[in-house]
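These notes are about the structure you will find just below.
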Amino acid sequence: MKEKRYIFKREYPIPRQKAWELLADTEHLNRVSGLFPVDFSEPALQERQLFRYANAKALGFVPLKWREYPFEWVKEEVYSVERRYESGPIKLLLWEVAMKDSELQLADGTYGTEITGTARFTPANVIGQAAIPLVGLKSIKEIMKYIDKYIEANQHVDYEALPVKKVPVIDINRLNNRSDKLSSLHPDAEHVKRLRHHLQTAGDDEVLHMKPYVLADQWQFSRKEILSLFLHAVKEGLLIQEWHLMCPNCRVSKTTALSMKEIKDQVHCELCGVNYEMSFDQYIEMQFSVHPSVRIAADQTYCLTGPAKSSHVLAQRRISPGEEVDLQYPPAQAKTRIRVLRHNTTMLQDPAAVSQTYCFDGKSWSSQTAALSSSGGVLTIVNESEEEMIVVYETTDWNDQAVTAAEITSLQLYRDLFSSEVLSPDQQIGVQSMTILFSDLKASTALYEKQGDATAFHQVSEHFRYLKSKVQKHHGTIVKTIGDAVMAVFYRDEDALSAALDIQEEIDQFNREQQMQLSVKLGLNSGPVIAVNANDLLDYFGKTVNLAARIQQKSTGNDIVMQRDEFERIKEKVEGNYHYEVHQETAELAGTVSRHDLVRLSSISKQTIQEEGAIS
């Protein structure tokens, strides 16, 4: 049977970056274009090639089975995919989408995009010859109409909207009732309105596995405020929360847990061929889905490995055994590397390296670094192995739009709403970096003796409330109280320092309002910790925690003590917002061998600043 080739070319009044964003999201594109859901197998390696088996039913009843090979792409330029069918009327499909700037200048000075779609069909039999123009060609035409649908969907909207295929099945009364209840918890009515509209109008794939920071950026709202909105929406039954365990290489979800107790400390990735240990601050993400009692959303797969699924991969290329190719790679401002899929062997970026031909022998590269330019370019790569290799050019920075377990469990709101969410007692999961803040009341024993138990207890309780408000304000959480002391954690060290400075700056005002004379001692330290279940409480242990407690013991009251190198690293992020004096010292810490370089920040209270301003 002869191959049938069809070429479609259109010019669209949108910039190439937006055209890529739309067409590279092949999951949503295939849904809206009327293609059918697909069941994909785990990756298989046969005949020296990597692929997945795919099963589907065309028109709802014609069974199809094919081998789908990894997509190839260069970001914002081209992508393609190969399907070899083992049953059905089609033998082979090769589909490519290429794009370039058109001559059409847009109102903002940018240029439109010329899209070229090329479909190459090889029929398996006479039925296939008839089916290609009736079914296959129709589907391709629908794909090429997708941008038209996008432009039409965004003519009269306040927020960007993607085209949808069908009207969703929604319990509108339940949606409205729970949204109204959410409004009483979340202070911004516009946020609630936007979420309700999204749940009511977006496609099924857009209301499943939602990432609040992605939506916050699209809606142009504060990330933290939208995360707060989503957490309250879970509590009110609008959404459900999901823990996604991500592969550190391909960065896609490998398994999902509805409760933290279901999280395991190790996960296996079939595509990368490795077991890896979970990490709270990178590999465990929280995502959200619409509650099934509010809306029935079909969690089906239409495309598994399109470019948008691995947005950190800027270029991907299949290279046959013995083949030499020129790998084109696009510009990138972030740090990048070259990696071989499954083998996970890498070459790190080194702009100063001398350009050369890079060879892969099946185990290692001929060089540890590659001459990768931030402005893009071409690398010559030779596959000296005995099987097809999949080379990816990717950024190494982790996605900052992900809500990690480390971040969300360090929020006071999350602790307050979901206090029962803890790890299984037998699990210990590492966190690469958390900031631990310890506090203690100065002369608390004397306080009880002087004021009496009832009055002293009231003052200590009010002091806990004061500390909690400051910790929560700066995106931290109280883990536990220990006598008159507090242990708090923060995802970002600058937030911890800001909270500590805020506490000390306003303690005089707190004392004046409460008619007290309390003095707080504070110490903080950052580093790796272990997250564990301690008596059904999510707690943190390790050297970093112990050192933070020892550092706090050096505080004398109305001050903050921390390691000097950490302060030097983050001081620019808080300068100008607070007033304090810095004193450097070297001290021995209990339980440690070496001496430590510390800084003592003596905060100047707002009351003192106001009084000095009045005098001057």
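The values are calculated or read from the model by the stated rules, or taken from the named source; none is laboratory data. Bear in mind the structure is a predicted one, so any value in this text is a computation, not a measurement. We place every Cβ from the backbone using ideal geometry, glycine too, and count neighbours over all the protein chains shown. Only protein heavy atoms, including side chains, enter the accessible area calculation; ligands, DNA and RNA are left aside. Shrake-Rupley method; radii C 1.70, N 1.55, O 1.52, S 1.80 Å.
I want to confirm something. Restricting to region 346-367 and keeping residues that are open to solvent by less than 30 Å² (accessible area, probe 1.4 Å) and not in a strand (DSSP E or B), which single residue is farthest from Y69 (Cα to Cα)?
A353
Is there a residue being at pLDDT 90 or above, in a loop (DSSP other than H, G, I, E, B) and touching an Asp or Glu at 6+ places or on another chain (Cβ under 8 Å) anywhere in region 385-395?
Filtering region 385-395 down to residues at pLDDT 90 or above leaves 385-395.
Pick out the ones that are also in a loop (DSSP other than H, G, I, E, B) and you get 385-388.
Retained after the next criterion (residues that are touching an Asp or Glu at 6+ places or on another chain (Cβ under 8 Å)): 385.
Within region 385-395 (the criterion being at pLDDT 90 or above, in a loop (DSSP other than H, G, I, E, B) and touching an Asp or Glu at 6+ places or on another chain (Cβ under 8 Å)), the answer is yes, since at least one residue qualifies.
So in region 433-445, with the set limited to residues that are at negative phi and open to solvent by 50 Å² or more (accessible area, probe 1.4 Å), which one is nearest to the chain's Cα centre (by Cα)?
For region 433-445, the residue satisfying everything is S433.
Name the residue, out of P187, P163, P168, that is modelled with pLDDT under 95 and either of a type in the set (G, A, S) or open to solvent by 50 Å² or more (accessible area, probe 1.4 Å) (or both).
Of P187, P163, P168, the one residue that is modelled with pLDDT under 95 and either of a type in the set (G, A, S) or open to solvent by 50 Å² or more (accessible area, probe 1.4 Å) (or both) is P187.
Go through region 402-459 and tell me which helices (runs of 4 or more DSSP H), entirely inside it, have 2 or more residues that are at pLDDT 85 or above.
405-408, 412-417
Of all the helices (runs of 4 or more DSSP H) wholly in region 499-591, which have at least 3 residues that are in contact with a Phe, Trp or Tyr (Cβ under 6 Å, 6 or more places away or on another chain)? Spell out the reasoning first.
Values: elements: 507-514, 543-552, 564-570.
In region 499-591, the matching helices (runs of 4 or more DSSP H) lie at 543-552.
Looking at (1) open to solvent by 50 Å² or more (accessible area, probe 1.4 Å); (2) under 18 Å from V74 (Cα atoms); (3) not in a loop (DSSP other than H, G, I, E, B), which one does I338 not meet, given that it meets all the others?
(1)
When you scan region 494-512, do you find a residue that is open to solvent by 10 Å² or more (accessible area, probe 1.4 Å), modelled with pLDDT of 90 or more, under 22 Å from the mean Cα position of the chain (by Cα) and not aliphatic (A, V, I, L, M), even just one?
yes
State all residues of region 419-430 that are touching a helix residue (DSSP H, G or I) at 6+ places or on another chain (Cβ under 8 Å) and within 22 Å of S228 (Cβ to Cβ); if no residue qualifies, say none.
Within region 419-430, E421, V422 qualify.
Listed residues K480, K473; which is within 24 Å of the chain's Cα centre (by Cα) and open to solvent by 40 Å² or more (accessible area, probe 1.4 Å)?
Being within 24 Å of the chain's Cα centre (by Cα) and open to solvent by 40 Å² or more (accessible area, probe 1.4 Å) holds for just one of K480, K473, which is K473.
Identify all residues within region 411-423 that are open to solvent by less than 20 Å² (accessible area, probe 1.4 Å) and farther than 30 Å from I507 by Cβ; write none if there are none.
Across region 411-423, the qualifying residues are V422, L423.
Let me confirm something: among Y283, Y276, which residue is buried (at least 16 other Cβ atoms within 10 Å of the Cβ), under 24 Å from V234 (Cα atoms) and modelled with pLDDT under 90?
Testing whether each residue is buried (at least 16 other Cβ atoms within 10 Å of the Cβ), under 24 Å from V234 (Cα atoms) and modelled with pLDDT under 90 leaves just Y283.
What number of residues within region 446-470 are of a type outside the set (S, T, Y) and open to solvent by 30 Å² or more (accessible area, probe 1.4 Å)?
12
So which of P212, P307 is modelled with pLDDT of 95 or more, over 30 Å from T380 (Cα atoms) and touching a Phe, Trp or Tyr at 6+ places or on another chain (Cβ under 8 Å)?
On the way: P307 fails: over 30 Å from T380 (Cα atoms).
Going through P212, P307 in turn, just one is modelled with pLDDT of 95 or more, over 30 Å from T380 (Cα atoms) and touching a Phe, Trp or Tyr at 6+ places or on another chain (Cβ under 8 Å): P212.
Quick check on my filter: what residues within region 310-332 are more than 22 Å from P248 (Cβ to Cβ) and outside any strand (DSSP E or B)?
Passing the criteria: S320, P321, G322, E323, P330, P331.
When the residues of region 41-72 are filtered to those that are over 28 Å from L137 (Cβ atoms) and without any contact (Cβ under 8 Å) to a residue 24 or more places away in the chain, which remaining residue is surrounded by the most Cβ atoms within 10 Å (Cβ to Cβ)?
A44
Tally time: how many residues in region 117-134 are within 40 Å of the chain's Cα centre (by Cα) and open to solvent by 50 Å² or more (accessible area, probe 1.4 Å)?
1
Before we move on, is V97 open to solvent by less than 20 Å² (accessible area, probe 1.4 Å), modelled with pLDDT of 95 or more, of a type in the set (V, I, T) and within 28 Å of Q300 (Cα to Cα)?
Spelling it out, V97 is indeed open to solvent by less than 20 Å² (accessible area, probe 1.4 Å), modelled with pLDDT of 95 or more, of a type in the set (V, I, T) and within 28 Å of Q300 (Cα to Cα).
If E262 satisfies all but one of (1) over 25 Å from I390 (Cβ atoms); (2) surrounded by fewer than 16 Cβ atoms within 10 Å (Cβ to Cβ); (3) without any contact (Cβ under 8 Å) to a residue 12 or more places away in the chain; (4) not β-branched (V, I, T), what's the number of the condition it fails?
The single condition E262 does not satisfy is (3).
Out of (1) touching a residue at least 24 places away in the same chain (Cβ under 8 Å); (2) outside any helix (DSSP H, G or I), the odd one out for D158 is which?
Going through (1) touching a residue at least 24 places away in the same chain (Cβ under 8 Å); (2) outside any helix (DSSP H, G or I) one by one, D158 breaks only (1).
Just need a number here: residues in region 534-589 that are of a type in the set (G, A, S) and free of Cβ contacts under 8 Å to residues at least 12 places away in the same chain.
Matching residues across region 534-589 total 2.
Quick grid of which residues meet (1) of a type in the set (A, V, I, L, M); (2) open to solvent by less than 70 Å² (accessible area, probe 1.4 Å); (3) at pLDDT 95 or above:
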| residue | (1), (2), (3) |
| --- | --- |
| D536 | no, no, no |
| Y540 | no, yes, no |
| T556 | no, no, no |
| M562 | yes, yes, yes |
| I570 | yes, yes, no |
| G576 | no, no, no |
| H579 | no, no, no |
| E585 | no, yes, no |
| G591 | no, no, no |
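Kindly check whether there is at least one residue in region 71-78 that is under 28 Å from the mean Cα position of the chain (by Cα), aromatic (F, W, Y) and at pLDDT 90 or above.
Yes; the residues of region 71-78 include at least one that is under 28 Å from the mean Cα position of the chain (by Cα), aromatic (F, W, Y) and at pLDDT 90 or above.
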